[in-house]
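Data block below; observations after.
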Amino acid sequence: MTDAVIEEIDGRMIRVGDHWLADFASCNYLGFDLEPEIAAVVPEYLARWGTHPSWSRLLGSPVLYEQIEERLAELLGCEDTLVLPTITLIHLSVIPVLAAGGAIFVDHRAHKTIYEGCQFASLRGATVKRFAFEDPDDLERLLRRDRSASRLICMDGVNSMTGNAPDLTAFAELARRYEAILYVDDAHGFGVIGERHVDELSPYGSRGNSIVRHFGETYERVVLVAGLSKSYSSLAAFIACPSDLKRLLKTAAPPYLYSGPSPVASLATVLAGLDLNAARGDTVRAGLWEKTNRVLRTLERLGIHTPNHSGFPIIEIPLARSEEIGAVGRFLFENGVYATLAAYPLVPRNEVGFRIQVTAANTNAQIEQLIEVLAKLGNAFDLQTAHKPEIATEAEAAA
Ligand SMILES: Cc1ncc(COP(=O)(O)O)c(C=O)c1O
């Protein structure tokens, strides 16, 4: 199930060779990739703008960028945003600017693309120190000793493997106390989790406006990065930052000056996705939470361990015996379930397993199929046994 060629899709079913599989490896969490209302706007934008604005952003940005940046700033409740094609390009170009040759404190398990940004920064004189995974005490130990002129803390928001979020409040507090900048990559949380309200439709919160708002935090000394290529199914990404930093990045971040931009179709689907999010995003998220919760409840009933204790739609299932990963992959494939395999050395041996991602476009029948296959898998293979999960029950969530 790696490097598969997908020849056809039908909703959230995919065809690999002559095998039809239910796709649980998609990051299109809100199902916007299959939303007819969103697809319908594309031809009109192509007619107006052509297929591709081939200027780099510095040379010429279609006004669509201004519209997206303003709407993202309003959604996130931040001062300003800057859109670039991908998060990878943002990490590579923005981390070295923010590090300014000082110290970078990077979460031990931060996404690989953050590490690459740190490597670039170290070529420009920054010192990179690692702190233990989502551990504010370990970070503080390092910060206390540090005498650098500038400090940057880099970490993920919702983790792409565990499906959990770090204690953002604790990290933001450390950043403020030690005059550092907290740089958070919430590729997976943006669009799914958001600000909390008493009358919210699901424990994900409202509006999908990402981890800073989900924790009721402010952007003081916090720089948020996220992508539109997961929940918004479009090739673009952004950095939420003060306007001064945005102005600086327009000359200091090479992708703004030199890289090819996002295609017009993606700019169009972002704008239509923002409309749909405003109109009924919370209802979509409530459905997503319900489907995810059914899978998590099943794992709990079967006594199968997952690190997910948040209820977010990323569910990793580690194996008890890492050498069975190939056989487990074949079992899932033969039983019509497409998941992401996490093999050694991509993950430590005790975390070898597979990851399920639930999207709003997975049908109830596909969820039933997944539940059945997980039960069969639990009988056929040794999976790690459950620790106490802390996910909310439907009754708790409704309360
Ligand atoms: C946490 C995280 N950061 C960054 C990326 C890369 O994003 P992009 O494709 O926008 O470069 C991913 C991709 O899956 C991711 O999971």
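The values are calculated or read from the model by the stated rules, or taken from the named source; none is laboratory data. Being a predicted model, the structure only gives us computed values, none of them experimental. Quick reminder, even Gly has a Cβ in these numbers, built from the backbone with ideal geometry, and neighbours come from all protein chains shown.
General observations
- Members of segment 224-237 that are farther than 8 Å from Ser266 by Cβ and surrounded by fewer than 24 Cβ atoms within 10 Å (Cβ to Cβ): Ser229
- Exactly one residue among Asp167, Asp146, Asp185 is acidic (Asp, Glu) and within 16 Å of the ligand (Cβ to nearest atom), and that residue is Asp185.
- Filter pass, Thr251 being within 26 Å of Arg48 (Cβ to Cβ), β-branched (Val, Ile, Thr) and in a helix (DSSP H, G or I): no
- Test: residue in segment 19-36 that is surrounded by fewer than 19 Cβ atoms within 10 Å (Cβ to Cβ) and among the charged types (D, E, K, R): no
- Ile153 satisfies every condition listed in (1) under 23 Å from Glu316 (Cβ atoms); (2) buried (at least 24 other Cβ atoms within 10 Å of the Cβ) except (1).
- Filter result for Arg124 (away from the ligand (no atom under 16 Å from the Cβ), free of Cβ contacts under 8 Å to residues at least 24 places away in the same chain, farther than 28 Å from Leu341 by Cβ and over 23 Å from the mean Cα position of the chain (by Cα)): no
- Some residue of segment 271-293 being farther than 23 Å from Ile114 by Cβ, under 22 Å from the mean Cα position of the chain (by Cα), assigned to a helix (DSSP H, G or I) and within 16 Å of the ligand (Cβ to nearest atom): yes
- Segment 56-88: number of residues that are over 21 Å from Ile211 (Cα atoms) and among the aliphatic types (A, V, I, L, M): 4
- If you go through segment 70-103 and pick out every residue that is surrounded by 18 or more Cβ atoms within 10 Å (Cβ to Cβ) and closer than 17 Å to Ser266 by Cβ, you end up with 11.
- Selection count, segment 1-18, where residues are under 21 Å from the mean Cα position of the chain (by Cα) and buried (at least 19 other Cβ atoms within 10 Å of the Cβ): 1
- Every pair of residues 6+ apart whose Cβ atoms lie under 7 Å, when the first sits in segment 193-211 and is farther than 17 Å from Tyr232 by Cβ while the second is of a type in the set (Ser, Thr, Tyr): Glu195/Ser206; His197/Ser206; Glu200/Ser206; Leu201/Thr283
- The residues of segment 209-234 that are within 16 Å of the ligand (Cβ to nearest atom) and on the phi > 0 side of the Ramachandran plot, listed by number, are Ser210, Ser233.
- Among the residues of segment 156-193, those that are on the phi > 0 side of the Ramachandran plot and surrounded by 22 or more Cβ atoms within 10 Å (Cβ to Cβ) comprise Gly163, Gly191.
- Across segment 196-220, the number of residues qualifying as in contact with a strand residue (DSSP E or B) (Cβ under 7 Å, 6 or more places away or on another chain) and surrounded by fewer than 19 Cβ atoms within 10 Å (Cβ to Cβ) comes to 2.
- Taken over segment 307-322, the criterion of being farther than 13 Å from Gln357 by Cα and either at pLDDT below 95 or out of contact with any Gly (no Cβ under 8 Å at 6 or more places or on another chain) (or both) is satisfied by His309, Ala320, Arg321, Ser322.
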